[in-house]
Amino acid sequence: MKKYNFNAGPSILPQEVMQATAQACIDFEGSGLSLMETSHRAKNFQPVVDEAVALFKELLEIPEGYSVLFLGGGASLQFCMVPFNFLEKKAAYLNTGVWASKAIKEAKIFGEVVEVASSKDKNFTYVPRDFEIPTDADYMHVTTNNTIYGTELLKDLDSPIPLMADMSSDILSRPVDVSKYAVIYGGAQKNLSMAGVTFVIVKEDLLGRVSRPIPTMLDYRTHVKKGSMFNTPPTVPIYCALQNLRWIKKQGGVAEMERRAKERAEIVYSEIDRNKLFVGTAETDSRSRMNITFVLKDEYQELQDEFLAFATGRGMVGVKGHRDVGGFRASCYNAMTVEGCKALVECMKDFEKTH
Ligand SMILES: *Cc1c(COP(=O)(O)O)cnc(C)c1O
């Protein structure tokens, strides 16, 4: 049976990206060695990093003065690296869920944190719109896509202070005005690559302004200076990222990724809104294109396990919702096809008919 992968992360990747990566793990570009046993300092590996950085810059139209880094530690380490490198006294955060809260918790170790707004009052089912960014804070931090709650901030904010963004789960799904950000970071395993690498886009001239000493590995300047080669970077995940960046370019770039994301989201949300059994959890104007969350209506709650089994029987993988929201979540990252979304919709329709 054909499987449709709606996993939230690690998540779907294009077949050809996985095939190229698998091939390199057997014989890295005809070298007779696996990529796994190849030095990160080898002559044939440096071009991999160089091309991945160049493609990232090209696809997102990253202006001069920014570095693209490939690091370890996940987005979770960035929750601490951002304040370590930028928080002198006070930072502003938008609280839109579990990941934003975790970022806030780390920032509090380094200084005062102002929560400019929070959607906690409604279990993070929306992205707050009315808030003021304090001009006396060192930076403002947002989570652009809330993977667990299925909400997304689709707009690049105008911030009077440096803007930091966790884009773990919506990077490369739309054009972004990078010039509005000081740092954009994320774990790669949602929309860029396999697990194991973290991308960071950082504006170089904002570095080195905090007075505290920073451990070498946690100092962005180390990695900017050494081109992500200060220590051994995750070579296979970087190679996989390169294959995916090439794939995105071949498909037509981030504008095409956005067109597809809109198309997929339209297909799935229309069915959620039409189907008598289901209801979406996110407020309509905050709906994420990447993670589509929905639950059974109150009167059909007892069908929870039955629908999951039904969907699994139809080849749907990973549609169980996060425990904080319950219900279901269909993650539709770049590699998800319209065909996959239509298969899910058919599955929802057929389930409705039997009830
Ligand atoms: C998954 C996720 C994280 C955590 O990423 P790790 O790479 O596992 O540390 C952080 N933020 C968002 C928005 C996520 O979706």
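Just a few scattered comments:
- Considering only Thr198, Thr135, Thr293, the Gaussian network model of the chain with Cα springs below 10 Å gives its largest mean-square fluctuation to Thr135.
- DSSP bridge pairs, the chain: antiparallel proportion in percent, nearest 5: 55
- When the square roots of the Cα gyration tensor eigenvalues are ordered a ≥ b ≥ c, the ratio a/c for region 241-348 is 1.5 or more and a/b exceeds b/c, which makes its shape prolate.
- Anisotropy class of the chain from Cα gyration tensor, a/c 1.5 cut: oblate
- Of interest is the spacing of the C-alpha centroids, which for region 30-45 and region 54-99 amounts to 29 Å.
- Averaged over residues, the count of other Cβ atoms within 10 Å places the peptides 165-175, 212-222, 322-332 in the sequence 165-175, 322-332, 212-222, highest first.
- Residue-span extension gain [Ser179 to Lys108] - 0.36 nm each, minus C-alpha spacing: 22.9 nm
- A simple charge model with +1 on the Cβ of Lys and Arg, -1 on the Cβ of Asp and Glu and nothing else charged puts the dipole of region 196-328 at about 900 debye relative to its Cα centre.
- Just checking the listed ones, Pro83, Pro63, Pro233: in the Gaussian network model of the chain with Cα springs under 10 Å, the one fluctuating most is Pro63.
- Qualifying aspartates and glutamates (Cα of each under 16 Å from Cα of Lys225; at least 8 residues distant if same chain): Asp50, Glu64, Glu204, Asp205
- Distant-in-sequence amide contacts of Ala282, defined by a placed amide H-H separation under 5 Å and a gap of 5 or more residues or a different chain, comprise Thr293.
- Cα-based shape type of region 31-175, given that a ≥ b ≥ c are square roots of the gyration tensor eigenvalues and the cut on a/c is 1.5: prolate
- Accessible area per residue in Å² at 1.4 Å probe, computed on the chain: 42
- Sequence ranges 179-192, 341-354, ranked by mean other-Cβ count within 10 angstrom, highest first: 179-192, 341-354
- In the chain, helical runs assigned H by DSSP with n ≥ 4 each contribute -39500 (n - 2.57); averaged across all residues and rounded to the nearest 500, the mean residue ellipticity at 222 nm is -11000 deg cm²/dmol.
- Springs join every pair of Cα atoms under 10 Å in this Gaussian network model of the chain, and among Asn85, Asn44, Asn244 the largest mean-square fluctuation is at Asn44.
- Neighbourhood net charge (12 Å Cβ-Cβ; Lys/Arg +1, Asp/Glu -1) for Lys102: 0
- Carbon/sulfur fraction of accessible area - the chain, other protein chains in place, 1.4 Å, %: 52
- Counted over region 78-142 with a bin width of 5 Å, the fraction of Cα pairs per bin, in whole percents, is 4, 20, 31, 22, 15, 6, 1.
- Over 24 Å (Cα to Cα) - which of Lys89/Lys180; Lys203/Lys262; Lys190/Lys297; Lys105/Lys297; Lys102/Lys297 fall in this group: Lys203/Lys262; Lys190/Lys297; Lys105/Lys297; Lys102/Lys297
The values are calculated or read from the model by the stated rules, or taken from the named source; none is laboratory data. As the structure is a prediction and not an experimental result, all values here were calculated from the model. Heads up, the Cβs are rebuilt from the backbone with ideal geometry, glycines too, and the neighbour counts pull from every protein chain shown. Just the protein is used for accessible areas: all its heavy atoms, side chains included, with ligands, DNA and RNA removed. Shrake-Rupley method; radii C 1.70, N 1.55, O 1.52, S 1.80 Å.
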